[in-house]
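The values are calculated or read from the model by the stated rules, or taken from the named source; none is laboratory data. Predicted model only: the values in this text are computed from it and were never measured. FYI the Cβ positions are ideal-geometry reconstructions off the backbone, even for glycines, and counts take in every protein chain you see.
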Amino acid sequence: MAKYVFVTGGVVSSIGKGIASASVGRLLRNRGFSVAPVKLDPYINVDAGTMNPFQHGEVFVTTDGAETDLDLGHYERFLDVNCSSLSSITTGKVYRNVIEAERRGDYLGATVQVIPHVTNEIKRLMRRVGDETGADVVLAEIGGTVGDIESLPFLEAIRQMRNDEGRDNTMYMHVTLIPQVGPWGEIKTKPTQHSVTALRQIGISPDVLICRSDVPMPVDVREKIALFCDVPLDAVVESRNARTIYEVPLMYEAAGFGRFVTERLGLENREPNNTEWQALVKSLVEPEKSVTIAIVGKYTANGDAYKSIAEALVHAGIPQNAAVNIRWIESDQLEQDIDPRTLLGDVHGVIIAPGFGGRGIEGKIEALRYVRESGIPFLGICLGLQMAVIEFARNVCGIEGATSQEFDPGAKDQVVAVMPDQANIEDKGGTMRLGNYPCNLEPGTLARRLYGSTRVDERHRHRYEVNNDYRELLKEQGMRVSGVSPDYRLVEMIELPNHPFFIATQAHPEFGSRPNRPHPLFRGLVEAALARSSAQPSAAVM
Ligand code: GLN
C-alpha cells in the first residue's frame, strides 16, 4: 500500500511548489524508494492541451499521450520516472467521469453532490496512481493556492484521505512564502500563519512547512512559525533560492528533511545515495566553459512556454561541464527587417521551437536561411522540422510558395500538410498525434550516430507532416530523411549532411531529457556549439 504526501501552496502562487515537491520526491528516490507523482489541477479544462502557452506555460506530453501541466515535467526530471496520464487529474476530468457515471445510472438514484461523489472520484483517481504504479509513495500536488474556491473539492478529498489511509501513511506539506518588508527587510511570518489558519478551517493541519525565503531564516523565526502553526521545529524547513533548481534536494537533505520525511511516514531509515545528484549539481554551479544557444519561438514572452527545451539544454551541458546560456528570440522580431545576423551572428547554436499557427513563421524562415548558410549548429523541434523543410524547399529547391497547410490551406505547394488520419478531425482537445511513436533511423546518418540506435521512441504532439509528394525532390537537393516511421509513411527526422550540425525532428525530444541522462539530440547540439565556440571564441557580430 502506498503512502501519500500531499502538497499545498500558501500565500501566493509561483513560489516553486512544483520544485519543492519534486525535491522531496528526490530525497525519497535517493533512499531507493519509488515515488509516483500526481498533479491535481483545479481548472475545468479536461487537460492542458487546449490552454494558451502564454498564459499557462508549456503543455507537457507524457509517453502515453496525455497533455498535462508543466509540473509533470519537473517530476519526470527530478524523479527520473515517466509519468502517465494517471498523473494528471483536473477538475474537468473528475467532473467528466462523475457526469458520465451519473448518465450511466451508476449512482442508483442518489443526488449527485460534491461530497461524496466528486471527492470520491478524486480519491479513486489518486489511489489508482498508487495501485497501478506500485510506488512506495504517491506525491500529490494540489495546484493553486489555499483559499481558492475551485481547489476546495481537492482539499476536502485529501482531508478525507488521512482518515481513510491512516495518519502514519499520509503527510501534509504546505509550501509558503516568508516575505521581507520595510526598510530593514524584516522577515514576516504572518502571511504563513494566515494560510495555515485557512487550511485548518477546512480540517487540514500541515505536518511540514516549506518556507520559501530570499534570506536565511533565524531560528527564532522558525520557532515562531512552529509555535503558531503547531508543528515541531524540524518541520519548519527553510527553502532559499538555489543557484540551480537541481540544488534544492541537496539543500533539503542538508537541513535534515530527508530523514524527517522517512520517519514521519514510517519508512525504513536508509542512508541516502546523493553521489550522482551532487556530481551533476557541481557541474551546474561550477561550469568550466559556456555556450549561447538561441531559441527562436513565438511564445518567448513567457519563459515557461519552452520549459522542457530550456531544461534539456541545461542537462546537455552537464557532461561537458558547460553552462548553456539561452538567448530568447521572438520570431516576430525577425520579420521586422532586422538582419538575422544581428540577433544570431554571435550565438553558437540555434533551436527553432515548436508552435501552432502562422504568426512569426516568416521570421523563423529568415532565421533558418541564415543558420543553414552560415553553418551554425541547428536543432529543429516539431514545427522547427516543418520550418526547416519549408525553408529548404523555398531557397534550395526553388519552390517559391512552399508552405504548410496549417498557415495557408489554399496554397499550391503545401510541402507540409495535414496527416491523412487527422484530415476529418474537428475537435481540438486530445486529438493530435500524441505520445510515443517509433522511428527507424537510417544507417550512416547523424541521427543514428547521436542516438546510437536503429530505432527510437519519442513523444509527439502534432497534426501536420512533411508531404510525401515532395520527399524525392528534397532528397535530390541534399536534404536527408534520417528518421522515418516504421511504415515509411511519415518523415520523423531530417538532416543536412553538408552542414556541421543541422538536424530536426518531428517529435519532442525535450520531454525525455533528464539531468542525469541528457537527451542525445541536445547533447549533440551543445557539443557542436562548443566546437563552434572554440573555433570562433568571439564569434562577434559580422
Ligand atoms: N503546428 C504543427 C503541427 O501541428 C507543429 C506542432 C508542434 O510544434 N508541436 O503539426
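Some values worked out for this structure:
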| item | result |
| --- | --- |
| Some residue of region 42-53 being of a type in the set (S, T, N, Q), at pLDDT below 95 and assigned to a helix (DSSP H, G or I) | yes |
| Number of the condition not met by residue 149 [criteria: (1) surrounded by 15 or more Cβ atoms within 10 Å (Cβ to Cβ); (2) among the aliphatic types (A, V, I, L, M); (3) over 26 Å from residue 261 (Cβ atoms)] | (1) |
| Residues within region 272-293 that are assigned to a loop (DSSP other than H, G, I, E, B) and either farther than 19 Å from residue 80 by Cβ or free of Cβ contacts under 8 Å to residues at least 24 places away in the same chain (or both), tallied | 3 |
| Any hit, region 256-270, residues being closer than 30 Å to residue 165 by Cβ and of a type in the set (Val, Ile, Thr) | yes |
| Condition broken by residue 266, with the remaining ones in (1) in contact with a Ser or Thr (Cβ under 9 Å, 6 or more places away or on another chain); (2) surrounded by fewer than 16 Cβ atoms within 10 Å (Cβ to Cβ); (3) outside any helix (DSSP H, G or I) satisfied | (1) |
| Every residue from region 416-449 that is within 13 Å of the ligand (Cβ to nearest atom), among the β-branched types (Val, Ile, Thr) and in contact (Cβ under 8 Å) with a residue 40 or more places away in the chain | 416, 418 |
| Test: residue in region 493-513 that is modelled with pLDDT of 95 or more, surrounded by 14 or more Cβ atoms within 10 Å (Cβ to Cβ), within 16 Å of the ligand (Cβ to nearest atom) and among the aromatic types (Phe, Trp, Tyr) | yes |
| Residue list for region 327-357, restricted to those being away from the ligand (no atom under 16 Å from the Cβ) and polar (S, T, N, Q) | 333, 336, 342 |
| Out of 375, 384, 380, 360, sole residue that is within 16 Å of the ligand (Cβ to nearest atom), over 15 Å from residue 521 (Cα atoms) and in contact (Cβ under 8 Å) with a residue 60 or more places away in the chain | 360 |
| Some residue of region 227-245 being of a type in the set (Ser, Thr, Tyr), under 24 Å from residue 159 (Cβ atoms) and surrounded by fewer than 22 Cβ atoms within 10 Å (Cβ to Cβ) | no |
| Answer from 140, 135 - the residue that is farther than 23 Å from residue 235 by Cβ and in contact (Cβ under 8 Å) with a residue 40 or more places away in the chain | 135 |
| Hey, residue 316 within 16 Å of the ligand (Cβ to nearest atom) and either among the charged types (D, E, K, R) or in a helix (DSSP H, G or I) (or both) or not | no |
| Region 431-449 - residue that is in a strand (DSSP E or B) and out of contact with any Asp or Glu (no Cβ under 6 Å at 6 or more places or on another chain) and, of those, modelled with the lowest pLDDT | 433 |
| Where residue 410 falls short, out of the listed (1) out of contact with any helix residue (DSSP H, G or I) (no Cβ under 9 Å at 6 or more places or on another chain); (2) within 16 Å of the ligand (Cβ to nearest atom) | (2) |
| Among the residues listed as 434, 446, 474, 450, the single one being in contact with a helix residue (DSSP H, G or I) (Cβ under 9 Å, 6 or more places away or on another chain) and farther than 22 Å from residue 522 by Cβ | 474 |
| Residue 39 vs. criteria within 13 Å of the chain's Cα centre (by Cα) and modelled with pLDDT of 95 or more | yes |
| Unique match (being in contact (Cβ under 8 Å) with a residue 40 or more places away in the chain, touching a His at 6+ places or on another chain (Cβ under 8 Å) and under 16 Å from residue 379 (Cα atoms)) among 353, 316 | 316 |
| Boolean, residue 307 is within 26 Å of residue 398 (Cβ to Cβ), among the basic types (Lys, Arg) and within 16 Å of the ligand (Cβ to nearest atom) | no |
| So residue 122, is it in contact (Cβ under 8 Å) with a residue 60 or more places away in the chain, within 28 Å of residue 264 (Cα to Cα) and not hydroxyl-bearing (Ser, Thr, Tyr) | yes |
| Region 450-471 - residue that is free of Cβ contacts under 8 Å to residues at least 40 places away in the same chain and assigned to a loop (DSSP other than H, G, I, E, B) and, of those, nearest to the ligand (Cβ to nearest atom) | 453 |
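Yes/no matrix, rows are residues, columns are (1) assigned to a helix (DSSP H, G or I); (2) closer than 30 Å to residue 192 by Cβ; (3) touching a Gly at 6+ places or on another chain (Cβ under 8 Å):
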site	(1), (2), (3)
4	no, yes, yes
21	yes, yes, no
26	yes, yes, no
65	no, no, yes
86	yes, no, no
95	yes, no, no
103	yes, no, no
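Quick grid of which residues meet (1) under 28 Å from residue 79 (Cα atoms); (2) free of Cβ contacts under 8 Å to residues at least 60 places away in the same chain; (3) in contact with a Pro (Cβ under 7 Å, 6 or more places away or on another chain):
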{"residue": "103", "(1), (2), (3)": "no, yes, no"}
{"residue": "110", "(1), (2), (3)": "no, yes, no"}
{"residue": "160", "(1), (2), (3)": "yes, yes, no"}
{"residue": "174", "(1), (2), (3)": "yes, no, yes"}
{"residue": "181", "(1), (2), (3)": "no, yes, no"}
{"residue": "203", "(1), (2), (3)": "no, yes, no"}
